[in-house]
1. Is it the case that the range 176-191 has a residue that's buried (at least 22 other Cβ atoms within 10 Å of the Cβ) and either hydroxyl-bearing (Ser, Thr, Tyr) or over 23 Å from ILE17 (Cα atoms) (or both)?
2. Being surrounded by 11 or more Cβ atoms within 10 Å (Cβ to Cβ) and not aromatic (Phe, Trp, Tyr) is the filter here; which residues of the range 234-244 pass it?
3. Taking only the range 35-74 into account, find how many residues are hydroxyl-bearing (Ser, Thr, Tyr) and surrounded by 14 or more Cβ atoms within 10 Å (Cβ to Cβ).
4. Counting just the residues of the range 216-233 that are at pLDDT 95 or above and outside any strand (DSSP E or B), which one comes out surrounded by the most Cβ atoms within 10 Å (Cβ to Cβ)?
5. Do we find that LEU164 is touching a helix residue (DSSP H, G or I) at 6+ places or on another chain (Cβ under 6 Å), at negative phi, assigned to a strand (DSSP E or B) and at pLDDT 95 or above in this structure?
6. Taking THR136 as the residue in question, decide whether it is without any contact (Cβ under 8 Å) to a residue 40 or more places away in the chain and among the hydroxyl-bearing types (Ser, Thr, Tyr).
7. Among all residue pairs at least 6 apart or on different chains, which show Cβ distances below 6 Å where the first residue, located in the range 243-262, is over 21 Å from LYS27 (Cα atoms) and in contact (Cβ under 8 Å) with a residue 40 or more places away in the chain and the second is assigned to a loop (DSSP other than H, G, I, E, B) and of a type outside the set (A, V, I, L, M)?
8. Do any residues in the range 12-27 that are farther than 23 Å from ASP165 by Cβ have Cβ atoms under 6 Å from those of residues that are among the β-branched types (Val, Ile, Thr) and modelled with pLDDT of 95 or more, where the two are at least six apart or on different chains, and which pairs are they?
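The values are calculated or read from the model by the stated rules, or taken from the named source; none is laboratory data. If you're wondering where the values come from, they're calculated on a predicted model, not measured in any experiment. Cβ placement follows ideal geometry from the backbone for every residue including glycine, while neighbour counts extend to all protein chains displayed.
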Amino acid sequence: MDTGGDGKQFRIGDYEIDIIVHGFPGKSVCHGSLGFSTIALIRHGKRIALVDVGSFGQRNLLQEHLAERSLSPSDVTDVLLTHSHYDHSINWTMFGHANIVIGKAELDWSLEQPWGTTVVPELYVKELAKWPTMRTVGDGDEVFPGITAQLAPGHTPGCLVFTLDTGDGDMIFTGDACKNRAELLSRAADMTYDAAVTQASIEAIWALWLRRPGNILVPGHDLPMVQAEDGAPRYLGRREAAIRAWYGEDLNETTVISLLPE
């Protein structure tokens, strides 16, 4: 198993996995939600899947990363949504021809949320519910060759974790059931409707991760990780996060502000 030294590209058995957007484990202080979520591309034979699809801010990025791999949105055959929040789901409309998977419990809950009060994108969810290529799934369902869904409530009632079992090792996409390393270690979450439910889901994620040595965990808002020899999570790759701002007097003068720790 090639664990991807750069934390972006992996080869496991017959699968090629590209983490085309690394999630970021942070929140904006004074400009509302940040929502930099992980987007993964999985190629297996003639099938091409995306695990989560990001929000408006990732649209150009998605197109660019697909083009770099000689792909277009029309080449994507499957979209696997961990949950309905806007930063993970809105761009399903770029792939309306694809098989789109979302948890049944998640979709049912999302349709009941009062409009204008949550980070569920109301109109996108309403349209998705009647979309002809959409399929709802439950705990234990296979959603793509080799990929099984596990229900992991807490962040939302219908959050799914997707486990890719290649026979040589697993890659576990946790979405926001476990957003980052801090949540993984503390068994607590920044956004949850029930702390005990979240803790149980994170414990279940640990069990999936520990099932085989070398398994890779891909959180919804952090870098991929493996287990170090001492049992602690070890990051794969290097975090990249910065903002370019116009603080000067013309557009050619920009300031790059790093979002990384010093």
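1. The answer is yes, given that some residue of the range 176-191 is buried (at least 22 other Cβ atoms within 10 Å of the Cβ) and either hydroxyl-bearing (Ser, Thr, Tyr) or over 23 Å from ILE17 (Cα atoms) (or both).
2. Our first condition is that a residue be surrounded by 11 or more Cβ atoms within 10 Å (Cβ to Cβ); within the range 234-244, this holds for 234-241.
ARG234, LEU236, GLY237, ARG238, ARG239, GLU240, ALA241 - these are the residues of the range 234-244 that are surrounded by 11 or more Cβ atoms within 10 Å (Cβ to Cβ) and not aromatic (Phe, Trp, Tyr).
3. Qualifying residue count, the range 35-74: 3.
4. GLY220
5. no
6. On the way: without any contact (Cβ under 8 Å) to a residue 40 or more places away in the chain: yes; among the hydroxyl-bearing types (Ser, Thr, Tyr): yes.
The answer is yes for THR136.
7. none
8. These pairs meet every condition: VAL21/ILE39.
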